[in-house]
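The values are calculated or read from the model by the stated rules, or taken from the named source; none is laboratory data. Here the structure is a predicted model, which means the values were calculated and not measured. Cβ placement follows ideal geometry from the backbone for every residue including glycine, while neighbour counts extend to all protein chains displayed.
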């Protein structure tokens, strides 16, 4: 008996970080299922069997294999929810389980048992577990083969190859054997890494080096000063101090502090701007045995007061600039002392019993609760770092280096250590020199500076953007340029190299809790265009890094986990926060030393480099989609004329909203509209920020990073339109009511009556919220009114003058079949043959268009020419690949060469000559043999001008272009809504008496009428000799084979309607025939029709030959597990509109259905006799809307979190 188990992994998130195959020989399962394409070519080398315990062989337990495989996928990907189908003879079952850190073996085994009782239809996803008795299918991206007594993996070289097959084998066999033996063991606690992987970790952490870190910072400095007494320690614009002067003056400060009864361990604040005097004070505090507490007058007063009180500082050292302010904020018992007044003639080094274990300084970092955390750094810790840094940068006493950072930021210690440990001279940059690249470069040149230890990423980007040719010459003498503080995008590194050449870049990483730095990565080669992120490299000497999961087990190579840092450079903990200290400074089974839990997510690559993946909390969820803010920000920064930018989130009306803040180049035209259009070329709609807000300058943290928290907390004001038009306040009662509704929905405080709703954060879902707020007061309002009248002034004027009598709804009772009419555009003069080998396709990034492209690639030898809006052809191809992968990942990966051969045409079909370059225009005109026009604005709501431009004029431009091609056919994808709307408006029967489309009356729906006008236009072109065929799709729904639906599922009226019923628990008790035309069937039918010579001039309805009643569909949802009560239609409408508590989203979606294409009694039925004749001749069968189909449809919507899970499944 053959047994086959096909596993479908429906992962709910994308990985934060990806590397291309050029950078890594092999790829993890996580990356394969992530965002970047990897080639698929099946392997054929000899596989290594896995070793199975005897009891597993004898029991041959299916439940153990299923549970082990689910756990294997979980451990390889870090995904919480693992879902797949199980094929066993004629049955297909579902395994679905959400892992938690506490999930044990027994839990997963019980879920495997439960899975065998849940029936599903068959499908063939990319992952498989197969019991084989014959040849193994080569269609799976990853298969675990069970053949007789052997188990082995079969896959592509991107996943399984000679370099990593042993890793996968060992991981899986460890889990499999554990499932047989240890039912109470947590899944995450099972150690699965191989000896080879542990060796990779060991090599990474082979960092031991002999340093004398049992010295204090000030002692190391004094020893250095003795070696170089007359050498400059610090330079600034107007001040120079030698090592001996710095040593003596800091001794003087120390002696004065001791005289004032400062004891070892006391906290002494230095409240000064960044200056040489502040450095004197720092060393003086340490020499007195006290703890140095740097406080910046640039920080908020409240923060500074908190630090002084938290440390219970007894003395505050100031200068003339800060003395008076310090007295205002100082604690009652603290003494405020001017540095100059406490200097004395006692220059001898004080003798104080300070050890390396005593605290040297405390740095305050932001806390998640808003309260700063004081990080206590002992002398031994900063000494550990100082010696390690010297090894990395190879400092010497001959070096002159920059000093950039404020002293309240621990990066200042990175700059001070070369002076303290090696005798290097530091040039303290002025504020102007830090901000202006020309002044910065002039300082480099004037003072013979050879190295920049570190600047923030933002500063490096500014330097790169605005450097002149002269600046570049002056920078050429640098031996290295350090950058850090946040993730370094490859785009910024390339920008630096473009401006300054191959000055070695050193990407530095490290938390404050680990004494400045932990890892570094040196870049001394060109950063290629395919690289997206820069690694953080390898640990410093005497620092060790462990990547662990939530059960503190090592993560396999390539699998992301939390970084634990082990070193004598660790902080002692947080001041006055013992619980927080114990939470992050922890013991593990891997060392007797404490480790710091960084909260940073990293992975170890096969080449032994650490790759930063983000923070634990860096991902957000927008409208059900997982979004990485860094990805959006990366595209924003690439936009033309953008100097800097940041993407943050703000919760508005309970909805997490994306906000883009940007700084643009001077004297350039840039606005929210152009930025939105640009990002739409690169990102899906749910990743487009709702607001684009221009700023002159970004708020910065003391570290130089953008203060994203401050941006997130800013109130969102409707300011964009007010910059270009005068804002008028609402005056009439209607304007005031609508204005208040806008403010409520958009979460803004005020709005002008001339502002465009869609330019200040509005979108289609917000329209539903508006409708639900205003419908009671203004029953005249329909959804499309908000698209047609986009300002408060226009909408109020419409509401005040509209005729309520126009609201009377026509009720139809006579059964009506909506067939093709007319059945053709007219007879063709002669039967002709059309080659159609070279086909121009529009709309290929849309849902139906993408499936038409897939059909052309899969089932024909045609060469597609794809019109795409993008910056260049590479970006256009990337958009196409991303779209196709969404709908058929396996095909895309296995046929990358075929897809790469598609001809990408950069253009815009809403413009004359299709917006193509002259070169492409000439090439396409002489090559194209057919045009399939599937691109259109398919939103059912909008304004007349939009539909005219996007649907009617675009069709005219393309038809006119087709006339210039030689004997090219023109295929137009229209809509069955034409027949339906004509019937609803009482115009269908009269139209049946007419012979041509041009005789059809106008339709009230702007969208449908735009498609009808396009058909009329094409009728005229057909009469002039252009071979036209028209296809009218009905309700295009999910794939029959998988249930996969369009990316923007929330814009589909049918899915929104059923979601409203699920959320409300009620639906109207109505009867009407529903069409579910599976997209894979529709695209196949259209492709076959298009390539058949006999269909020229034909008009074909593309709908399901089997219609299903609405009530029967509701029963399928109920059988799935939802509770939906059918109630009288009028009762349902009252229920939606009344004030009883109910799900707000459900109300908004239901309101859209009531006012639009919702559930209503109707005698209309889609029919397709012309298409049916063709199907019969081609032996093409339309899948019926069966229980199996609805299960797949709902499964997918649940898997992407659009439909909620039934309560019975939670």
Go through (1) closer than 30 Å to residue 699 by Cα; (2) part of a loop (DSSP other than H, G, I, E, B) and name the single condition residue 348 misses.
(1)
Give the residues of segment 1150-1182 that are assigned to a loop (DSSP other than H, G, I, E, B), more than 19 Å from residue 1115 (Cβ to Cβ) and either free of Cβ contacts under 8 Å to residues at least 40 places away in the same chain or in contact with a strand residue (DSSP E or B) (Cβ under 7 Å, 6 or more places away or on another chain) (or both), sorted by residue number.
1163, 1167, 1168, 1179, 1181
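For segment 779-894, please list each of the helices (runs of 4 or more DSSP H) lying entirely inside it that holds at least 2 residues being closer than 26 Å to residue 979 by Cβ, more than 25 Å from the chain's Cα centre (by Cα) and at pLDDT below 90. Quick ask: steps written out before the conclusion?
Numbers: elements: 783-788, 792-801, 847-859, 873-887, 889-894.
Qualifying helices (runs of 4 or more DSSP H): 783-788.
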In this structure, is residue 1127 closer than 21 Å to residue 1159 by Cα, modelled with pLDDT of 95 or more and surrounded by fewer than 22 Cβ atoms within 10 Å (Cβ to Cβ)?
no
Please state which of the following conditions residue 452 fails to meet, knowing it meets all the rest: (1) assigned to a helix (DSSP H, G or I); (2) modelled with pLDDT of 95 or more; (3) crowded, with 20+ Cβ neighbours inside 10 Å.
(1)
Can you name every residue in segment 260-288 that is more than 44 Å from the chain's Cα centre (by Cα), assigned to a loop (DSSP other than H, G, I, E, B) and surrounded by 24 or more Cβ atoms within 10 Å (Cβ to Cβ)?
288
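Tell me, which residue of segment 588-607 that is closer than 13 Å to residue 548 by Cα and free of Cβ contacts under 8 Å to residues at least 60 places away in the same chain is surrounded by the fewest Cβ atoms within 10 Å (Cβ to Cβ)?
Among those that are closer than 13 Å to residue 548 by Cα and free of Cβ contacts under 8 Å to residues at least 60 places away in the same chain, it is 589.
Results for (1) within 14 Å of residue 1154 (Cβ to Cβ); (2) within 27 Å of the chain's Cα centre (by Cα); (3) outside any loop (DSSP other than H, G, I, E, B), shown as yes or no for each residue.
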position	(1), (2), (3)
1039	no, yes, no
1046	no, yes, no
1057	yes, no, yes
1061	yes, no, yes
1080	no, no, yes
Give me the helices (runs of 4 or more DSSP H) completely within segment 946-1036, filtered to those with at least 1 residues that are surrounded by 23 or more Cβ atoms within 10 Å (Cβ to Cβ) and either outside the structural domain of residue 929 (by TED's automatic domain parsing) or modelled with pLDDT of 90 or more (or both), ordered by residue number.
954-964, 977-984, 1006-1023
Which condition number in (1) surrounded by fewer than 19 Cβ atoms within 10 Å (Cβ to Cβ); (2) at pLDDT 80 or above is the one that residue 673 fails?
(2)
Can you pull out every residue in segment 334-354 that is out of contact with any helix residue (DSSP H, G or I) (no Cβ under 7 Å at 6 or more places or on another chain) and closer than 19 Å to residue 294 by Cα?
335, 337, 340
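So which residues in segment 298-333 are touching a residue at least 60 places away in the same chain (Cβ under 8 Å), closer than 19 Å to residue 288 by Cβ and not in a helix (DSSP H, G or I), if there are any at all?
Of the residues in segment 298-333, the ones touching a residue at least 60 places away in the same chain (Cβ under 8 Å) are 298-299, 303, 306-307, 310-311, 317.
Next, from what is left, pick out any that are closer than 19 Å to residue 288 by Cβ: 311, 317.
Answer for segment 298-333, where residues must be touching a residue at least 60 places away in the same chain (Cβ under 8 Å), closer than 19 Å to residue 288 by Cβ and not in a helix (DSSP H, G or I): just 317.
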Pairs, please: C-beta under 7 Å, at least 6 apart or cross-chain, first residue on the phi > 0 side of the Ramachandran plot and modelled with pLDDT under 90 and in segment 641-652, second crowded, with 18+ Cβ neighbours inside 10 Å and assigned to a strand (DSSP E or B)?
641/664
The conditions are (1) closer than 22 Å to residue 224 by Cα; (2) outside any helix (DSSP H, G or I); (3) at pLDDT 95 or above; (4) within 41 Å of the chain's Cα centre (by Cα), and residue 417 fails exactly one of them. Which is it?
(2)
Do we find that residue 174 is in contact with a strand residue (DSSP E or B) (Cβ under 7 Å, 6 or more places away or on another chain), within 26 Å of residue 557 (Cα to Cα) and part of a helix (DSSP H, G or I) in this structure?
no
Of those in segment 368-401 that are in contact (Cβ under 8 Å) with a residue 60 or more places away in the chain and part of a loop (DSSP other than H, G, I, E, B), the residue nearest to residue 270 (Cα to Cα) is 372
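Outside the structural domain of residue 638 (by TED's automatic domain parsing) and farther than 30 Å from residue 244 by Cα - does that describe any residue in segment 416-425? Outline the logic, then answer.
Of the residues in segment 416-425, the ones outside the structural domain of residue 638 (by TED's automatic domain parsing) are 416-425.
Then keep just the ones that are farther than 30 Å from residue 244 by Cα; that gives none.
For segment 416-425, residues outside the structural domain of residue 638 (by TED's automatic domain parsing) and farther than 30 Å from residue 244 by Cα: absent.
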For residues in segment 458-477 being touching a helix residue (DSSP H, G or I) at 6+ places or on another chain (Cβ under 8 Å) and in contact (Cβ under 8 Å) with a residue 40 or more places away in the chain, which is nearest to residue 390 (Cα to Cα)?
459
Filter segment 192-220 down to the residues that are under 30 Å from residue 275 (Cα atoms) and in contact with a strand residue (DSSP E or B) (Cβ under 9 Å, 6 or more places away or on another chain) and list them by number.
216, 217, 218
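Kindly indicate which of 1191, 1087, 1095 is in contact with a strand residue (DSSP E or B) (Cβ under 6 Å, 6 or more places away or on another chain) and crowded, with 18+ Cβ neighbours inside 10 Å. Before the answer, list the steps.
Working: 1191 fails: in contact with a strand residue (DSSP E or B) (Cβ under 6 Å, 6 or more places away or on another chain); 1087 fails: in contact with a strand residue (DSSP E or B) (Cβ under 6 Å, 6 or more places away or on another chain).
One residue alone meets the criteria, 1095.
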